Amino acid sequence: MSFDPVFTFGTIAAAAMIGVGITHALDRNSLEIPQRVAVGQLVMLRPGSFDHPQPGEFLKESRPVAAPIVQETIDAQLEIMKFQVSVSDYGRCVADGVCKLADARSKIGNVPVTGVSHIDAEAYATWLSASTGEAWRLPTDVEWAYAAGERFRADIDGGESDANNPARRWLAQYRTEAALARKPDPQPRAQGAFGTNSKGLADIAGNVWEWTSTCYSHVTIGSDGKRAASSIDNCGVHAVEGFHRTYMSNFIRDGKSGGCAVGTPPDNLGFRLVRDRPGLVQVALRRLGLS
């Protein structure tokens with residue numbers, strides 16, 4: 001097979017320029033990407049770093065302590081649904097026999113689907129991936145927090161435990177939650193009812209909490225300040241994001257029914273998805289038939 005370096009490298013350079021052009025066109029803080037009707041709108045976020053309180057429970061010398069704050073980095077453009085998955089979106093998966101009927105069966109199509117468990121959300125992501133030929137998944141806790149921007153709120157934390165007075169930490173948690181003045185708001189509203197955040201996502205921290213792919217962690221911090229080997233990741237429980245971060249068992253569909261909620265339980269459980277895709281240069285090469 002002959003090898004034409006001028007044609008090959010010239011073509012690859014052209015593909016790279018296409019990739020650069022695409023990158024330039026998308027190099028904004030956020031951009032709504034129109035998709036097929038079954039998917040809805042996406043928001044694209046460019047890479048960045050931010051300080052993030054870690055999810056889970058943290059103990060030092062057998063006493064609860066505040067979650068460490070770590071600088072996290074989103075190192076690739078993040079494509080995430082602008083809206084939570086709607087009743088009509090989820091209904092297509094039910095109609096195909098893949099998803100189970102949601103517990104909360106609103107008949108209004110543009111309302112977020114609620115009454116769904118982590119298991120249900122994963123089933124929908126699998127169905128959507130198969131239906132579109134693209135890779136869809138739940139966001140991680142870090143990705144969700146990055147997309148939530150100014151509306152992100154971590155766990156309701158009471159600070160470090162006092163060995164002489166354990167109730168002090170519980171009272172601190174109670175006061176923090178009371179100061180938020182959140183009232184029960186069980187009725188899901190039409191998409192967009194809670195407005196958009198600075199990054200273009202709708203209904204962040206409204207009355208629908210969202211499942212993530214991050215497992216609950218029970219972390220023991222050693223004397224050296226690092227995670228001890230005795231720490232445990234429990235993937236039967238996942239982080240749920242909304243008005244504040246909490247944790248729920250995977251099979252729970254109604255946050256008020258139990259699980260592992262911290263603070264006042266969520267009014268509703270729903271979700272939105274992230275789309276993974278190949279790099280922009282790879283897309284350009286594929287369009288030219290080179291990959």
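Numbers for the structure displayed
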| item | result |
| --- | --- |
| Unmet requirement for Ile252, which otherwise passes all of (1) assigned to a strand (DSSP E or B); (2) within 17 Å of Ile119 (Cα to Cα) | (1) |
| Out of Glu143, Glu150, Glu61, sole residue that is closer than 16 Å to Gly242 by Cβ, loosely packed, with under 15 Cβ neighbours inside 10 Å and either out of contact with any His (no Cβ under 6 Å at 6 or more places or on another chain) or modelled with pLDDT of 95 or more (or both) | Glu150 |
| Lone qualifier among Asp51, Asp89 - being within 30 Å of Ala190 (Cβ to Cβ), modelled with pLDDT of 90 or more and not aliphatic (A, V, I, L, M) | Asp89 |
| Sole exception among (1) in a loop (DSSP other than H, G, I, E, B); (2) at pLDDT below 95 for Ile204, by number | (2) |
| Hits in the range 93-121 - residues which are within 18 Å of Met81 (Cα to Cα) and either surrounded by fewer than 19 Cβ atoms within 10 Å (Cβ to Cβ) or of a type in the set (S, T, N, Q) (or both) | Gly109, Asn110, Thr114 |
| Pairs with Cβ under 7 Å, 6+ apart, first in the range 232-243 and in contact (Cβ under 8 Å) with a residue 24 or more places away in the chain and of a type in the set (Asp, Glu), second in a strand (DSSP E or B) and surrounded by 22 or more Cβ atoms within 10 Å (Cβ to Cβ) | Glu241/Trp209; Glu241/Glu210; Glu241/Thr212 |
| Where Ser30 falls short, out of the listed (1) touching a strand residue (DSSP E or B) at 6+ places or on another chain (Cβ under 6 Å); (2) at pLDDT below 95; (3) of a type in the set (Ser, Thr, Tyr); (4) surrounded by fewer than 16 Cβ atoms within 10 Å (Cβ to Cβ) | (4) |
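The values are calculated or read from the model by the stated rules, or taken from the named source; none is laboratory data. Source: prediction; values computed, not measured. Neighbour counts are summed over all protein chains in view; Cβ atoms, including those assigned to glycine, are modelled from backbone coordinates with ideal geometry.
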